[in-house]
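Novice: Structure below; questions to follow.
The values are calculated or read from the model by the stated rules, or taken from the named source; none is laboratory data. Predicted model, so just to flag it, every value in this text is computed and none were measured. All Cβ positions, even for glycine, are placed from backbone atoms using ideal geometry, and neighbour counts span all protein chains on display.
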Amino acid sequence: MPQSPGHAPQPIVSRHVAVIGAGAAGLVTARELRREGHSVVVFERGDQVGGLWVYTPNVESDPLGLDPTRTTVHSSLYHSLRTNLPRDSMGFSDYPFVAKDDPDRDPRLFPGHREVMMYLQDFAREFGIDELVRFETEVVHVRFVEEEEKWQIKSKQRHKETDDIFDAVVVCNGHYTQPLVSHVPGINKWPGKQMHSHNYRDPKPFQDQVVVLIGNSASAFDISRDLAGVAKEVHIAARTVQYETFGKQPAYDNLWLHPMIKNVCEDGSVHFQDGSFVIANIIIHCTGYKYHCPFLETNGFVIVDDNRVGPLYKHIFPPALAPWLSFVGIPFQVITFPMFELQSKWIAGVLSNRITLPSQEEMMEDVKAFYSSLEASGTPKRNTHALDDKQVKYNNWLAGQCGCPAYEDWRMEMYYATIKGRLAHLESYRDEWETQHLVLQAYKDFIKPASNQVSDGCVFP
Ligand code: FAD
């Protein structure tokens with residue numbers, strides 16, 4: 001029978017745990033849970049592991065991704081996508097993402113998306129995770145059954161529905177599938193087309209078109225460069241600029257960066273806030289995604305409000321349902337895979353009673369204090385889960401809880417070196433990496449014996 005957190009240490013126990021999703025988060029969560037001695041079932045609606053990194057040329061019937069009846073396509077990858085971080089920084093702590101001596105693989109430091117998928121599939125095979133996954137099985141309803149103090153999961157495989165009972169559920173369903181679309185004044189009468197970057201795959205359909213992209217994220221940057229090769233004109237409308245300056249982009253004769261769109265008109269014009277305008281054929285919203293867990297019933301204990309999933313203790317446990325419900329992968333502006341690993345080690349240790357959580361009240365107080373600190377620093381609610389500079393402290397806190405060594409310095413140095421590299425070589429930062437010593441440092445760590453990498457508290461047979 002599950003125990004409440006905040007009590008005196010309990011005997012080590014094994015739980016029956018459901019993991020929803022077999023992307024990077026679900027895979028490493030399954031591994032950590034199993035290492036800790038739990039029994040695990042992974043539900044995956046796709047037909048292979050890898051999540052977002054499983055590229056598909058398919059797009060959704062509603063290019064804006066707003067129609068709730070559409071069949072969802074999970075991945076948001078475009079054909080040309082390469083990682084935006086060096087591969088070595090992305091890998092799990094004890095399964096490095098190093099180049100393979102294999103002509104079928106992509107050895108680049110910032111490899112294409114297929115290489116990441118293959119890394120994740122290798123990882124799943126290496127640790128026997130495939131055998132825990134129920135493929136083509138979509139979780140349609142998750143609820144806590146009070147009388148049994150267990151979770152009931154209803155899943156659907158083709159037309160067959162199945163109910164299963166678990167002690168705990170870990171949600172790893174990703175958050176780059178449900179488009180967030182910006183409001184453009186006058187859009188209802190504007191005659192052009194609109195789509196979200198979620199449904200962009202390659203530039204061919206945009207031949208000789210005038211395209212306006214909204215947003216200045218990594219996707220907007222990549223897609224604008226992709227399009228500039230075939231479109232007549234490409235215009236990016238950005239709230240702020242990080243690396244570039246407004247105006248015509250130096251390396252192109254058909255790519256401009258503008259301030260945000262003011263409004264659009266019936267004659268096809270798109271007006272920017274600086275008074276300039278263009279007549280455009282299509283607007284692509286590169287405006288991000290929403291957290292979306294349509295299957296989860298929590299009686300209001302977890303809600304999504306303005307992109308804040310909460311209340312969550314340390315972005316993971318809803319205090320009222322801890323530790324029986326948890327989330328891996330909520331924070332963004334992070335190096336994702338190693339953070340997923342630490343989050344899932346913590347969850348696994350808490351579920352087995354090896355690690356003790358504070359009481360529900362203490363966790364709630366911590367969440368409230370965190371929200372107050374965000375307010376005091378003027379951080380908008382929608383950035384509750386943006387970690388960026390705070391990720392080292394966060395990861396080291398998790399590592400401390402788990403008894404693992406501190407987060408490796410070279411990972412964050414690679415993160416910052418990438419930002420610096422983009423400033424110096426905007427168009428070619430992926431191929432002009434100047435800090436080879438960081439790669440060497442990472443390799444030194446990779447070849448250390450396992451006992452040096454992971455402390456006793458962390459290694460399980
Ligand atoms: P996902 O990979 O999205 O996996 C979630 C899984 O859950 C999927 O397999 C899905 O099918 C399954 N699922 C969802 N709902 C259900 C359900 N109801 N029932 C059953 N299964 C379900 N990160 C980096 O570190 N480096 C990068 O270069 C990088 N580039 C990116 C580029 C783009 C365009 C985007 C959108 C993100 C990028 N990221 C990058 C971040 C990326 O999201 C993470 O690296 C990571 O892959 C997310 O893993 P995840 O497991 O949380 O989610």
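Novice: Any idea how many residues of region 36-56 are within 7 Å of the ligand (Cβ to nearest atom) and not in a loop (DSSP other than H, G, I, E, B)?
Specialist: Total meeting the criteria: 4.
Novice: Same structure, new question: How do the pairs read when you match residues in region 280-306 that are closer than 25 Å to Tyr200 by Cβ and modelled with pLDDT under 95 with residues anywhere that are away from the ligand (no atom under 14 Å from the Cβ) and not basic (Lys, Arg), using Cβ under 6 Å and keeping only pairs 6 or more apart or on different chains?
Specialist: Matching pairs, first to second residue: none at all.
Novice: Being surrounded by 18 or more Cβ atoms within 10 Å (Cβ to Cβ) and more than 31 Å from the chain's Cα centre (by Cα): is that true of Val302 here? Working first, answer last.
Specialist: Details: surrounded by 18 or more Cβ atoms within 10 Å (Cβ to Cβ): yes; more than 31 Å from the chain's Cα centre (by Cα): no.
Criteria not met by Val302.
Novice: When you scan region 95-112, do you find a residue that is over 26 Å from Ser219 (Cβ atoms), surrounded by 15 or more Cβ atoms within 10 Å (Cβ to Cβ) and without any contact (Cβ under 8 Å) to a residue 60 or more places away in the chain, even just one?
Specialist: Checking region 95-112: at least one residue is over 26 Å from Ser219 (Cβ atoms), surrounded by 15 or more Cβ atoms within 10 Å (Cβ to Cβ) and without any contact (Cβ under 8 Å) to a residue 60 or more places away in the chain.
Novice: Residues in region 165-182: is at least one free of Cβ contacts under 8 Å to residues at least 12 places away in the same chain and either surrounded by fewer than 20 Cβ atoms within 10 Å (Cβ to Cβ) or over 30 Å from Leu423 (Cβ atoms) (or both)? Before the answer, list the steps.
Specialist: Just the residues of region 165-182 that are free of Cβ contacts under 8 Å to residues at least 12 places away in the same chain, to begin with: none.
No: zero hits.
Novice: Continuing with this model, one more query. Quick one: is Val142 of a type in the set (A, V, I, L, M), in contact with a Cys (Cβ under 9 Å, 6 or more places away or on another chain) and within 15 Å of the ligand (Cβ to nearest atom)?
Specialist: On the way: of a type in the set (A, V, I, L, M): yes; in contact with a Cys (Cβ under 9 Å, 6 or more places away or on another chain): yes; within 15 Å of the ligand (Cβ to nearest atom): yes.
So Val142 fits the description; yes.
Novice: Also, I was wondering about something else. Identify, by number, the condition in (1) within 15 Å of the ligand (Cβ to nearest atom); (2) among the aromatic types (Phe, Trp, Tyr); (3) under 30 Å from Cys265 (Cβ atoms) that Phe135 doesn't meet.
Specialist: Answer for Phe135: the failing condition is (3).
Novice: Next up: Collect the residues in region 196-238 that are in a loop (DSSP other than H, G, I, E, B) and under 22 Å from Ala424 (Cα atoms), keeping them in residue-number order. First the steps, then the outcome.
Specialist: Restricting attention to region 196-238, the residues satisfying the condition of being in a loop (DSSP other than H, G, I, E, B) are 200-203, 207-209, 215-217, 229-232.
If the condition is that a residue be in a loop (DSSP other than H, G, I, E, B) and under 22 Å from Ala424 (Cα atoms), then Gly215, Asn216, Ser217 are the ones that fit.
Novice: For region 276-334, list the strands (runs of 3 or more DSSP E) that sit wholly inside it and hold at least 1 residues that are β-branched (Val, Ile, Thr) and in contact with an Asp or Glu (Cβ under 8 Å, 6 or more places away or on another chain); which are they? Lay out the reasoning, then the answer.
Specialist: Working: elements: 277-279, 282-285, 303-305, 308-310, 325-327.
Ranges flagged: 277-279.
Novice: Here is a further query. Report whether or not Arg70 is in a loop (DSSP other than H, G, I, E, B), among the basic types (Lys, Arg) and within 13 Å of the ligand (Cβ to nearest atom).
Specialist: On the way: in a loop (DSSP other than H, G, I, E, B): yes; among the basic types (Lys, Arg): yes; within 13 Å of the ligand (Cβ to nearest atom): no.
The answer is no for Arg70.
Novice: Now, a different point. Kindly list the number of the only condition in (1) in a loop (DSSP other than H, G, I, E, B); (2) at pLDDT below 95 that fails for Gly174.
Specialist: (2)
Novice: In the set Leu321, Leu227, which member is under 30 Å from Ser155 (Cβ atoms) and either within 16 Å of the ligand (Cβ to nearest atom) or within 29 Å of the chain's Cα centre (by Cα) (or both)? Break it down stepwise before answering.
Specialist: Numbers: Leu227 fails: under 30 Å from Ser155 (Cβ atoms).
On inspection, the qualifying residue turns out to be Leu321.
Novice: Another one. So which of Glu60, Glu36, Glu32 ends up being among the charged types (D, E, K, R) and under 16 Å from Val171 (Cα atoms)?
Specialist: Numbers: Glu60 fails: under 16 Å from Val171 (Cα atoms); Glu36 fails: under 16 Å from Val171 (Cα atoms).
Only one candidate passes the filter, namely Glu32.
Novice: Can you name the residue in region 113-129 that is more than 19 Å from the chain's Cα centre (by Cα) and crowded, with 16+ Cβ neighbours inside 10 Å and, of all such residues, is nearest to Ala24 (Cα to Cα)? So that I can check it myself, show each step before the final result.
Specialist: Applying the first criterion (more than 19 Å from the chain's Cα centre (by Cα)) to region 113-129 yields 122, 125-129.
Subsequent filtering for residues that are crowded, with 16+ Cβ neighbours inside 10 Å retains 127, 129.
Values: Phe127: 13, Ile129: 11 Å.
Looking at the filtered set, the residue picked out is Ile129.
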